[in-house]
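Contents: one structure, followed by commentary.
The values are calculated or read from the model by the stated rules, or taken from the named source; none is laboratory data. Computed from a predicted structure; not experimentally measured. Neighbour counts run over all protein chains shown; Cβ positions are idealised from the backbone, glycine included. Surface areas here come from the heavy atoms of the whole protein model, side chains and all, with no ligands, DNA or RNA. Shrake-Rupley method; radii C 1.70, N 1.55, O 1.52, S 1.80 Å.
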Amino acid sequence: MTFPYKLVATDLDGTLLRGDDTVSERTREALAAATAAGAAHIIVTGRAVPWTRHILDDLGYEGLAVCGQGAQVYHAGEHKLLTSLTLDRQLAGLALSKIEAEVGPLHLAASRDGLEGEVLVGPGYQVQEGPLPYLFVDDATEMWTAPLNKVYIQHPELDDDALAFAARAAVGSLVDVVMAGAGVVEILPLGLSKATGLSLAARRLGVKAADTIAFGDMPNDIPMFGWAQHGVAMANAHDDLKAVAHEITASNEDDGIAVVLEELLRPAPVQPAR
């Protein structure tokens with residue numbers, strides 16, 4: 001069986017995972033068939049390692065994963081953090097002050113660096129319901145006492161797209177700002193993206209961008225699509241990602257990854273002899 005790519009890169013939330021945080025049997029089988037045909041599978045997620053590890057373990061996933069929006073390359077089989085990039089807290093604080101000068105007070109959360117890094121949630125920040133652990137802090141200054149890989153921001157009135165747009169305009173070249181999902185706008189180290197993390201992981205595997213197909217659903221996947229040979233947006237994807245995708249597949253609930261992989265894995269029809 002031939003498969004045209006050496007690397008399959010998949011986002012997690014809204015892409016590989018269904019709404020109940022599970023991966024369908026059909027998608028598992030399609031990914032297994034792609035790896036059996038010689039491709040590597042790398043999960044590329046905005047979640048930091050502590051919020052990703054349990055999913056990888058449940059999948060029996062033992063390869064590399066790119067976590068924390070590209071900040072971390074994690075070896076799932078060895079439970080080892082191979083690379084980790086932290087956010088300059090002084091620059092982040094300056095960036096926040098510039099954003100608040102434009103839009104008013106923000107609600108904050110922060111993701112600490114490391115295999116056991118907690119997500120700290122400050123007053124007013126709305127946490128999505130689910131199993132992911134976090135630690136509430138009454139005093140937001142507690143977030144700045146240890147190395148961070150990202151800071152989450154929310155605004156009491158602006159929606160995600162408006163907040164991300166305003167924040168990007170305010171911070172200039174201090175930091176990067178991405179919209180990674182509903183209610184998830186993040187401040188990251190300047191120049192960090194899923195593409196930078198994926199390129200590091202791919203280099204370790206000896207695989208190039210030209211050999212890569214990538215799947216995603218949010219604007220934070222745009223750099224990954226720019227790096228990969230072929231970018232596939234889910235039907236449920238943000239319009240900004242669909243605009244740069246090479247292909248749009250079914251939604252995460254309807255096995256969109258499997259739909260594409262099964263077609264790529266299908267044997268070419270035998271041409272009749274003339």
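The figures follow:
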read-out: Given (1) within 15 Å of the chain's Cα centre (by Cα); (2) among the hydrophobic types (A, V, I, L, M, F, W, C); (3) closer than 25 Å to VAL121 by Cα, number of the condition LEU174 does not satisfy; value: (1)
read-out: Residues satisfying the stated conditions in the range 220-255, i.e. open to solvent by less than 30 Å² (accessible area, probe 1.4 Å), closer than 21 Å to ALA201 by Cβ and touching a residue at least 40 places away in the same chain (Cβ under 8 Å); value: ASN220, ASP221, MET224, ALA228
read-out: Residue selected from the range 50-68 under the condition modelled with pLDDT under 95 and among the β-branched types (Val, Ile, Thr), by the criterion nearest to the chain's Cα centre (by Cα); value: THR52
read-out: Where a residue in the range 200-212 is over 7 Å from LEU7 (Cβ atoms) and small (Gly, Ala, Ser) and its partner, wherever it lies, is open to solvent by 70 Å² or more (accessible area, probe 1.4 Å) and not in a loop (DSSP other than H, G, I, E, B), with Cβ under 7 Å and at least six apart; value: none
read-out: Failed item, numbered, when PHE165 is tested on (1) of a type in the set (A, V, I, L, M, F, W, C); (2) in a loop (DSSP other than H, G, I, E, B); (3) open to solvent by 20 Å² or more (accessible area, probe 1.4 Å); (4) under 30 Å from HIS107 (Cβ atoms); value: (2)
read-out: Selection from the range 98-139 of residues that are among the charged types (D, E, K, R), part of a helix (DSSP H, G or I) and touching a residue at least 60 places away in the same chain (Cβ under 8 Å); value: LYS98, GLU102
read-out: Residues of the range 89-137 classified as open to solvent by 60 Å² or more (accessible area, probe 1.4 Å), within 23 Å of ALA182 (Cβ to Cβ) and either in contact with a Pro (Cβ under 8 Å, 6 or more places away or on another chain) or modelled with pLDDT of 95 or more (or both), total; value: 5
read-out: Test result for ASP58, crowded, with 19+ Cβ neighbours inside 10 Å and out of contact with any helix residue (DSSP H, G or I) (no Cβ under 8 Å at 6 or more places or on another chain); value: no
read-out: Hits in the range 1-54 (condition: part of a strand (DSSP E or B) and either more than 19 Å from VAL232 (Cβ to Cβ) or open to solvent by less than 10 Å² (accessible area, probe 1.4 Å) (or both)); value: LEU7, VAL8, ALA9, THR10, ILE42, ILE43, VAL44
